[in-house]
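Step one of this worksheet: look at the structure below.
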Amino acid sequence: MSLRSNKNFKSVFALGLFTNIGDSLFFIVTMWYIANNSSISLYAGIAVFLFTLPETLLIFLGPFIDRLNPKIILIVSTSGQIIVHIIIVLLFLTGLVTIPILLISLLLSAFFSSITYPVEETILPQIVENDDLVKANSFFSVAYKLSDSLFDGIAGILLVVGTASLLYEINLLIFVLPLIMLKFLKFNLQTENPEKFNIKSYKKDLKEGLSFILHSKIKLMLIPLAFLNFFTAINIVALPYFANELSDSPATYGFLLGFSGAGSMLGAIIVNKIEKRLLPGKILAFGLLFNGLMWFFMIISTVPYLAYLFIFLANFCMGGYNIIFASLFQVMTPSNLLGRINTCVDSVITVAMPIGALLGGILIEILSLKIVMSLNAIALVITGIIYFSNKTVYNLKKIETINPVNTDGHLKATR
């Protein structure tokens with residue numbers, strides 16, 4: 001069945017798109033509000049810490065995702081987002097909003113979003129063919145980055161002519177749309193674990209997911225990503241302050257994120273063709289190296305337009321290799337372990353981000369902003385060198401030829 005005629009794919013696609021728009025807007029508006037309404041940069045570090053914390057805990061939700069009806073999980077998470085936004089809007093209208101309240105709201109919103117994405121990733125390989133998996137992931141990534149690019153730019157403009165309160169109200173309406181989309185999702189979870197759920201089976205499932213990661217080649221890709229994301233979190237904290245140094249306009253931060261999203265979108269579009277010509281390991285290694293180089297140029301930019309160009313090019317690389325990562329993890333994982341492995345992967349690669357975020361808030365106070373942001377560029381180059389040097393990763397076969405990893409942890413490629 002083609003993706004165009006796949007109704008379940010369309011439903012999951014639309015649901016994920018609106019969730020991503022709301023998730024991104026919530027983060028950018030909250031970060032902008034904190035950076036411009038508090039002289040304490042540690043608040044920004046705490047914001048990113050809270051925003052990334054739920055993903056590090058996803059590992060404990062994997063067994064639930066594998067066993068429960070995904071539609072029910074999505075209904076609960078989407079409804080939670082709506083409730084959080086209703087509370088924020090009411091607090092802004094009554095003048096009772098404070099930064100600590102926004103931080104708590106950010107944590108709750110991030111928790112509900114962190115549930116949504118692995119559920120979508122678990123459903124996707126079961127509703128599309130392996131040959132279409134890279135394309136399907138590309139569609140998701142392109143849609144996410146297109147929406148990020150468009151709405152981040154719009155958010156920057158609205159912050160010039162409007163208020164943060166207005167954007168939270170718009171976001172509330174956006175989160176109502178995924179709830180509507182769920183009505184059209186007709187999907188029965190395929191599982192090889194039909195036994196009744198209990199604490200004993202939960203522990204068993206959790207152990208299986210962790211054991212699979214630790215004894216498979218997947219860990220060779222995960223460990224460098226965890227290292228990289230520590231510095232990515234520092235960079236996320238620093239970016240709104242970099243925007244303020246670059247220009248006095250509040251739109252600058254939105255446009256930086258907008259061009260970042262546009263670059264990621266284009267990378268996600270083109271990688272589907274690049275993957276037909278280059279092995280995935282080469283895309284990962286060279287994409288990371290070029291990404292780091294472009295970040296260096298972005299950091300030393302003295303005018304917004306140059307910064308927009310280099311952040312676009314940097315994220316062009318990231319958009320491409322993120323698709324490769326997602327597709328590799330999906331094809332290497334047996335279908336009955338998808339929920340556990342997706343959440344394990346998300347937890348492992350984000351485990352260092354909360355600490356990196358807190359450190360970023362502290363480093364901004366004591367070091368030059370350019371030095372702080374250079375740490376991420378250096379980490380990108382180092383990660384690229386690691387993948388280049390690791391021949392197991394660098395020489396990975398074409399994605400469509402890779403079968404799920406055996407229980408002994410070895411990859412099998414179709415002939």
Subject >> Residue satisfying all of: in the range 159-179; modelled with pLDDT under 85 and not small (Gly, Ala, Ser); surrounded by the most Cβ atoms within 10 Å (Cβ to Cβ) among these >> reply: LEU159
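Can you say whether LYS135 is at pLDDT below 70 and basic (Lys, Arg), as far as the supplied structure shows?
Working: at pLDDT below 70: no; basic (Lys, Arg): yes.
When the stated conditions are applied, LYS135 does not pass them.
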Original post:
Can you tell which of SER249, SER264, SER260 is under 20 Å from VAL303 (Cα atoms), polar (S, T, N, Q), at pLDDT below 90 and in contact with a Ser or Thr (Cβ under 9 Å, 6 or more places away or on another chain)?
Top reply: SER260
Original post:
How many residues are buried (at least 19 other Cβ atoms within 10 Å of the Cβ), in a helix (DSSP H, G or I) and touching a Leu at 6+ places or on another chain (Cβ under 7 Å) if we restrict to the range 95-106?
Top reply: 1
Original post:
Does PRO70 satisfy being farther than 14 Å from GLU120 by Cα, modelled with pLDDT under 85 and in contact with a Leu (Cβ under 7 Å, 6 or more places away or on another chain)?
Top reply: no
Original post:
Would a scan of the range 56-79 turn up a residue that is closer than 24 Å to ALA44 by Cα and surrounded by fewer than 17 Cβ atoms within 10 Å (Cβ to Cβ)?
Top reply: yes
Original post:
Is it fair to say ALA262 is under 21 Å from the mean Cα position of the chain (by Cα) and either closer than 25 Å to LEU396 by Cβ or among the basic types (Lys, Arg) (or both)?
Top reply: no
Subject >> Residues satisfying the stated conditions in the range 78-108, i.e. without any contact (Cβ under 8 Å) to a residue 40 or more places away in the chain and touching a Phe, Trp or Tyr at 6+ places or on another chain (Cβ under 7 Å) >> reply: GLY80
**OP:** May I ask you to say which residue of TYR305, TYR241 is without any contact (Cβ under 8 Å) to a residue 12 or more places away in the chain, more than 30 Å from VAL119 (Cα to Cα) and not charged (D, E, K, R)?
**Re:** TYR305
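For the range 267-282, which residues satisfy the criterion of being more than 18 Å from ALA136 (Cβ to Cβ) and in a helix (DSSP H, G or I)? Reasoning before the result, please.
Within the range 267-282, the first condition is being more than 18 Å from ALA136 (Cβ to Cβ), and the residues that meet it are 277-279, 281-282.
Once the filter is applied, which keeps residues that are more than 18 Å from ALA136 (Cβ to Cβ) and in a helix (DSSP H, G or I), the range 267-282 yields ARG277, GLY281, LYS282.
The values are calculated or read from the model by the stated rules, or taken from the named source; none is laboratory data. In this text the structure is predicted, and so the values were computed from the model without any measurement. For neighbour counting, all protein chains shown are included, and Cβ atoms are generated from backbone atoms with ideal geometry for every residue, glycine included.
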